[in-house]
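Asks: Got a structure for you, written out below as structure tokens; questions coming shortly.
The values are calculated or read from the model by the stated rules, or taken from the named source; none is laboratory data. A quick note: this is a predicted structure, and the numbers were derived from the prediction, not measured. In this analysis, Cβ positions are derived from the backbone assuming ideal geometry, glycine residues included, and neighbour counts consider all displayed protein chains.
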Amino acid sequence: MNAAGRVILAGVIAASALVVAPSAAASEGSVPAEVSAYATDPDGLVSRLEEFVGVGADGKGIDFDETTETGQVNRAFVFTADWLAGTATDTPVELANQWTVPVSIHEKPVGLAIIWINPDTVRPELSEFIQEIDLAAALADVPAETYLVRDESHEAWFTLVGTTLTPVAAEGSAISLARYQDELAGTPVEEPEEGLNLGTVLSVGMIALVAVVVVAILLIPMLRRRRREAE
């Protein structure tokens, strides 16, 4: 593993020391025993999924029946604030309070559940459910020594090995951390449409008024003179 990878791993180990009784994970990052238990407990994750995205009174929703299964639990990482700011840093990613769990019914993926540990209760809970079949299928088996990175602002997921990012269940080829950082820095920001400039309107109106006054000053005496001559 290169220097950057060792620095990232050091941060993982340090943060993991704060977690009680972590269990092994396929990808990098710790999975606490309580998170694993919540993911597999019928009264845990699946029960909450039934409550929030299951079949409702209107008959719509996902039917989480007895064939519902949860898959590999993986710790999610996010890009650090320094890295997103374009700063050269040895820690481009950091641990997030998120764990991904692919959910399947009849052995077919239906979506990806995100678990977090609620700071108020210090208990694992369902945070969100992403109903994307391809994403759930892709994260069913994340290799070891791989960091699972979420770029939530761009709705993107990557696997990070060394300094190479690979999009998960999305179009695009592998890209280096440095290149992706440059691309984010160069992302154009939509400027708000300029509204009606009141100052400009007043200026134009004032110019028009002055023009009318000047024309009146010049034109009225001339008209009076011609009228007297005609008389």
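Asks: Enumerate the pairs (first residue in region 20-34 and modelled with pLDDT of 65 or more; second residue anywhere and of a type in the set (V, I, T)) with beta-carbon separation below 6 Å, excluding pairs fewer than 6 apart on the same chain, so at least 6 apart or on different chains.
Replies: As it stands, the answer is S27/V142; S27/T146; G29/V12; S30/V19; V31/V73; P32/V19, since those pairs meet every condition given.
Asks: So how many residues does region 54-72 have that are buried (at least 17 other Cβ atoms within 10 Å of the Cβ), touching a residue at least 40 places away in the same chain (Cβ under 8 Å) and within 16 Å of T40 (Cβ to Cβ)?
Replies: 3
Yes/no per residue for (1) under 18 Å from P167 (Cα atoms); (2) modelled with pLDDT of 95 or more; (3) under 16 Å from the mean Cα position of the chain (by Cα):
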{"position": "F77", "(1), (2), (3)": "yes, yes, yes"}
{"position": "D90", "(1), (2), (3)": "no, no, no"}
{"position": "V93", "(1), (2), (3)": "yes, yes, yes"}
{"position": "A96", "(1), (2), (3)": "no, yes, yes"}
{"position": "N118", "(1), (2), (3)": "no, yes, no"}
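Asks: Does any residue in region 155-166 that is of a type in the set (D, E) come within less than 6 Å, Cβ to Cβ, of a residue that is part of a strand (DSSP E or B) and surrounded by 16 or more Cβ atoms within 10 Å (Cβ to Cβ) six or more places away or on a different chain, and which pairs are these?
Replies: If the second residue must be part of a strand (DSSP E or B) and surrounded by 16 or more Cβ atoms within 10 Å (Cβ to Cβ), no pairs are left.
Asks: So the check is Cβ under 6 Å with 6+ separation or different chains; which pairs have a first residue in region 115-134 that's of a type in the set (V, I, T) and a second one that's surrounded by fewer than 17 Cβ atoms within 10 Å (Cβ to Cβ) and at pLDDT below 95?
Replies: Correct list of pairs: empty, since none qualify.
Rundown of residues vs (1) among the hydroxyl-bearing types (S, T, Y); (2) at pLDDT 95 or above; (3) over 26 Å from S36 (Cβ atoms), yes/no style:
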{"residue": "E128", "(1), (2), (3)": "no, yes, no"}
{"residue": "L139", "(1), (2), (3)": "no, yes, no"}
{"residue": "A144", "(1), (2), (3)": "no, no, no"}
{"residue": "V149", "(1), (2), (3)": "no, yes, no"}
{"residue": "A174", "(1), (2), (3)": "no, yes, yes"}
{"residue": "L177", "(1), (2), (3)": "no, yes, yes"}
{"residue": "A185", "(1), (2), (3)": "no, no, yes"}
{"residue": "V189", "(1), (2), (3)": "no, no, yes"}
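Asks: Which strands (runs of 3 or more DSSP E) does region 129-179 wholly contain that include 1 or more residues that are of a type in the set (D, E) and either within 20 Å of L49 (Cβ to Cβ) or out of contact with any helix residue (DSSP H, G or I) (no Cβ under 8 Å at 6 or more places or on another chain) (or both)?
Replies: Details: elements: 147-151, 156-161, 164-167.
Passing ranges, in order: 147-151.
Asks: Is there a residue being part of a loop (DSSP other than H, G, I, E, B) and under 29 Å from E66 (Cα atoms) anywhere in region 89-103? So that I can check it myself, show each step before the final result.
Replies: Going residue by residue through region 89-103, those that are part of a loop (DSSP other than H, G, I, E, B) are 89-92.
Filter once more, keeping what is under 29 Å from E66 (Cα atoms): none.
No: zero hits.
Asks: Here is a further query. Can you tell me which residue in region 73-107 is surrounded by the fewest Cβ atoms within 10 Å (Cβ to Cβ), limited to those that are out of contact with any strand residue (DSSP E or B) (no Cβ under 7 Å at 6 or more places or on another chain) and in contact (Cβ under 8 Å) with a residue 24 or more places away in the chain? Spell out the reasoning first.
Replies: In the first step, residues of region 73-107 are kept if they are out of contact with any strand residue (DSSP E or B) (no Cβ under 7 Å at 6 or more places or on another chain); the result is 81-91, 105-107.
From the residues that got through so far, the ones that are in contact (Cβ under 8 Å) with a residue 24 or more places away in the chain too are 83-84, 86, 90-91, 105-107.
Values: W83: 20, L84: 16, G86: 12, D90: 14, T91: 14, I105: 16, H106: 9, E107: 7.
In this case the residue turns out to be E107.
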